[in-house]
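Okay, so here's the structure we're looking at.
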Amino acid sequence: TDNVEADELKAWLAREGHTELFLDFDPMDGIPEGVDWEQRLYRELRRCQSLLIVLTPAWLESKWCSNELAIAREKGKAVFVVRVKPCVGAPIIPSLQEVDLTTDQVAGLAKLALGLKEHGLDPADAFTWNPNRPIYPGLASFDVDDAAIFFGREVESIAAAEAMRHLRLQPPGSPKLLLITGASGSGKSSLMRAGLLARLCKEPANWIITSPFRRGGDVFLELTRVLAFAYPMDRRPSSFVDLADRLRGVNSHRQLLGIAAELQLAWNRPDATLVLALDQAEELLTSDAGPDAAAVLDLLREALTRSAQDLMVVATIRSDRWGAWQQHGSVKANAGRAELAFEAFPLGPMPMERLGNIVRRPAEREGLVIEDELVD
């Protein structure tokens, strides 16, 4: 009866940036022919974070709609009541403020958008899940493609993204390097990849993001590999070695800033900032790191010192190597050269009260039920 109104609300949510929406009759994301519709609805109620009720007289007469509400409430889901047709009687949930679209639709939708964000349903922090990936990656770091099941570090992820946006607007000579520090095993790499970089990827006009790189066998080749893959397919350099030679030569910092300009042109993003992501920076500080490790740090120092908004770096480092980083010859000021300016982003232990979500929330993506006793 209310398909038109439900479809209009779904379309508005999509325009707001919400990407994971379930509406049973939707031809793309709804219930296909031949599927047990009741079990599918139960599964979606388990998976969802929120239930939006399209309130009409027909809804009030539907026993199934009442059942959906009861299940959502029992499972602790956020519930939003959106009144789209005049109804008589008391509110269906007396303690819940309704959104009324029957009198002022614009104001009502603005109120709904604000309410969704206050419940943690901000499109800027929502990520589409690839069902072909495991919901529990194990001991490997979470990657950018795992952002939809990266739970427990939402506060830190948002703060890190805000720190990058702030540093981006600072004048040349200001820190353009965000250094994520924390104890071994605290989740620095996961925060950088699935928390920070995934969020910056949702702002393509402002950022060109490379894949993270580590020292590896040849740190210059590792750096140039991620730079090469940052180009569009039809503009990609034919040889990593040639690109590495550009960065090893004279005035290498100008070459790196030139590559940033080339990427802006290739992607048609004239105001975007190229972000290099250096994982486990402590590997560049060891006694066996070799001269190339210091050369890469020198390259970053010279380029970042001269960068306005063209280039930034985010890096992770173990907190027990913090002193070695600060005293490294390629980081501290020496011989008339400026220091490699950075802003530290300390990452503490995972708060105990968030640990349960690390188990429960990925399971919800698959519609799985996990008993509280197991989580505990």
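The values are calculated or read from the model by the stated rules, or taken from the named source; none is laboratory data. Predicted model, so just to flag it, every value in this text is computed and none were measured. Please note: Cβ atoms are built from the backbone with ideal geometry, for glycine as well, and neighbour counts cover all protein chains shown. What goes into the accessible areas is simple: the full protein's heavy atoms, side chains included, and nothing from ligands, DNA or RNA. Shrake-Rupley method; radii C 1.70, N 1.55, O 1.52, S 1.80 Å.
Quick notes
- Tally of residues being out of contact with any strand residue (DSSP E or B) (no Cβ under 9 Å at 6 or more places or on another chain), in contact (Cβ under 8 Å) with a residue 24 or more places away in the chain and part of a loop (DSSP other than H, G, I, E, B) across the stretch 2-47: 5
- Residue in the stretch 88-103 that is out of contact with any strand residue (DSSP E or B) (no Cβ under 9 Å at 6 or more places or on another chain), on the phi < 0 side of the Ramachandran plot, not in a loop (DSSP other than H, G, I, E, B) and not hydroxyl-bearing (Ser, Thr, Tyr) present: no
- Any hit, the stretch 22-29, residues being open to solvent by less than 40 Å² (accessible area, probe 1.4 Å), within 18 Å of Val84 (Cα to Cα) and more than 23 Å from the chain's Cα centre (by Cα): yes
- Residues that are polar (S, T, N, Q) and in contact (Cβ under 8 Å) with a residue 24 or more places away in the chain do not occur anywhere in the stretch 214-235.
- When the stretch 315-330 is filtered for residues that are touching a helix residue (DSSP H, G or I) at 6+ places or on another chain (Cβ under 6 Å) and open to solvent by less than 40 Å² (accessible area, probe 1.4 Å), the ones remaining, listed by number, are Ala315, Thr316, Ile317, Ser330.
- With respect to the stated conditions, Ser239 is open to solvent by 10 Å² or more (accessible area, probe 1.4 Å), within 20 Å of Pro212 (Cα to Cα), of a type in the set (Gly, Ala, Ser) and modelled with pLDDT under 95.
- For the stretch 166-181, the tally of residues that are open to solvent by 50 Å² or more (accessible area, probe 1.4 Å), in contact with an Asp or Glu (Cβ under 9 Å, 6 or more places away or on another chain) and in contact (Cβ under 8 Å) with a residue 40 or more places away in the chain stands at 0.
- Residue among Gly323, Gly336, Gly356 that is under 30 Å from Arg40 (Cα atoms) and without any contact (Cβ under 8 Å) to a residue 40 or more places away in the chain: Gly356
- The set of residues in the stretch 289-306 being among the small types (Gly, Ala, Ser) and either in a helix (DSSP H, G or I) or buried (at least 23 other Cβ atoms within 10 Å of the Cβ) (or both) consists of Ala293, Ala294, Ala295, Ala303.
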